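Structure first, commentary second.
Taken together, the values in this text are just the output of simple stated rules run on the coordinates, not laboratory data. Every value quoted in this text rests on a predicted model; they were computed, and no experiment measured them. Here the Cβ is made from the backbone with ideal geometry for all residues, glycine too, and neighbour counts use every protein chain on show.
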Amino acid sequence: MIKRLRILLVLVLGLCLSLSLSGCKDKNEPTGPVEVEDMLGRKLNITPGSYQRVICIGAGALRMYCYIGDVSLLAGVEDIDNSSLSERPKMFDGVARPYFIANEEAFKKLPSCGVGGPQSQFAETEKILACNPDIIISEYEDIDKANSLQELVSVPVVVIKYGNKGVFDENVKKTITLLGKIFNKEQKAKTLNDYIASSREEIERRVKDITASEQKKVYIAGLGNWGTTNHLMTAQNYEPFNIAKINNIVTDLAKDGIQGIEAEKFLSLAPQMDVMILDAAAIKNIKGLYQADNTMFDACKAWEDGEVYLQMAYNAYYTNLEIALCNTWFNAKVIYPELFSDIDINEKLDEITEAFLGVKLASKINSYPMSYGGYGKLNKEVLN
């Protein structure tokens, strides 16, 4: 009798432990229908965890889904993300997009839900229908088009958003939360949002005692879409600089946001630039300009002092959020090396990609042609 009671007790304890552990994970089984609001304020009835055939359309939609959703549930991908196709947009093939690197083999096996890319910014209804989706994640931020597509395909069309502050934008947090709700991955979404928030808090904590007299004058260059930008594309209200308490030398533009400045404006600032940080997205175009005139940076203090640094391209088919986050760490480490001496930027990049995508990708990111070897001081040879 005592032996039987012991066995029963062990079984009960095992069951309780199993239930306890399962409560800590995201539930996979569908729940009942609920109403959610997408990032355009559209109210949608969805059944969390019920979707088995997902497609993502528009710049950055697939990336966001890969952060939260199950890639095995994808029913199709845009041609730009399927490297097995000979005819497809290839403008981003040389630049590292972590979601693509992590899932390239899976994407190769999927049918087309549209061409995708900067030149094909519209939903291709016939290809979408051929994929037979039961839900669509869209980054086409147009209410009428979203409603029209939803009516045509008779499945929920959920519109997401990024925003203009990159990984730190409130729209990013809300989108991650929304996808967690839809796909029954709420704990995963919360963990990722918490990771982004804690990263920001840690950077801010380290620089909180920096005074104005200690701040170098820094110029951020090459912002904007990959391959279409140059050294004149900058921003006066650059969120990574705001967070890392970096003194942005550009302060008197008529508006915020990424924009070009006149060459004369750049030359007037150049003698005061203690540090220049170049986004790798601009190297392609700067290279041509430099080869035509290798004196173009001679008036720049940072160039003469060897204080020009290369960050990874964060804008390639919309924002690579993990790259944007690592860029912030890198910016802070460049300007305040003593405060970030314990941070190895490639180890940090591995940590970040693992948090976002479940895999360490630093070595692969650095190996891409348009990464030019990865984070560090600019090797001027890349411009020759």
Please determine, in degrees from 0 to 90 and to the nearest 10, the orientation of helix 283-292 with respect to the longest principal axis defined by the Cα atoms of the chain, where the helix direction is its Cα long axis.
20
What angle, in degrees between 0 and 90 and rounded to the nearest 10, separates the Cα long axis of helix 170-182 from the longest principal axis of the Cα atoms of the chain?
20
Size descriptor, Kirkwood hydrodynamic radius, that averages inverse alpha-carbon separations across the stretch 231-285, Å:
12.1
Residues in the stretch 68-98 near a label at Thr191, defined as backbone nitrogen under 19 Å from the 7 Å Cα→Cβ point?
68-73
Shape call for the stretch 136-287 from the C-alpha gyration tensor, a ≥ b ≥ c root eigenvalues: rounded (a/c under 1.5), prolate (a/b greater than b/c) or oblate?
oblate
What is the helix-to-structure angle for 98-108, meaning the angle in degrees between its Cα long axis and the longest Cα principal axis of the chain, kept from 0 to 90 and rounded to the nearest 10?
50
Please state the shape class of the stretch 142-213: rounded when a/c is under 1.5, otherwise prolate if a/b exceeds b/c and oblate if not, all from the C-alpha gyration tensor.
oblate
Amide H neighbours of Asn247 under 5 Å, counting only residues 5+ apart in sequence or on other chains, H built in-plane at 1.01 Å?
Lys216, Val218
Can you tell me the convex hull volume per residue for the stretch 211-383, based on C-alpha atoms, in Å³ to the nearest whole number?
117
Of the trypsin sites (Lys or Arg not before Pro) in the stretch 193-255, those whose Cβ has at most 14 other Cβ within 10 Å and which sit in DSSP loop:
Lys208, Lys255
The distance between the Cα centres of the stretch 37-75 and the stretch 167-200, in whole Å, is 14
For the chain, the longest stretch holding no GluC sites (Glu not before Pro) located in a DSSP loop with at most 10 other Cβ atoms within 10 Å is which?
88-261
Pop the C-beta distance of Ala130 and Glu354 into the FRET formula with R0 = 56 Å and round what comes out to the nearest 0.05.
0.95
With -39,500 (n - 2.57) per DSSP H segment of 4 or more residues and division by the full residue count of the chain, the 222 nm estimate, nearest 500 deg cm²/dmol, is -12000 deg cm²/dmol
Which of the chymotrypsin sites (Phe, Trp or Tyr not before Pro) across the stretch 102-207 are loop residues per DSSP, with 16 or fewer other Cβ within 10 Å?
Phe122
With a ≥ b ≥ c taken as the square roots of the eigenvalues of the C-alpha gyration tensor of the stretch 197-277, please select rounded if a/c is under 1.5 and otherwise prolate if a/b is larger than b/c or oblate if it is not?
oblate
Calculate, in whole percent, how much of the Cα-Cα pair population of the stretch 45-187 lies beyond 25 Å.
21
Can you give the relative contact order of the chain as a percent, counting alpha carbon pairs under 8 Å and 6+ residues apart?
16
Cα-based Rg of the chain per 2.2 N^0.38 Å, rounded to two decimals?
1.11
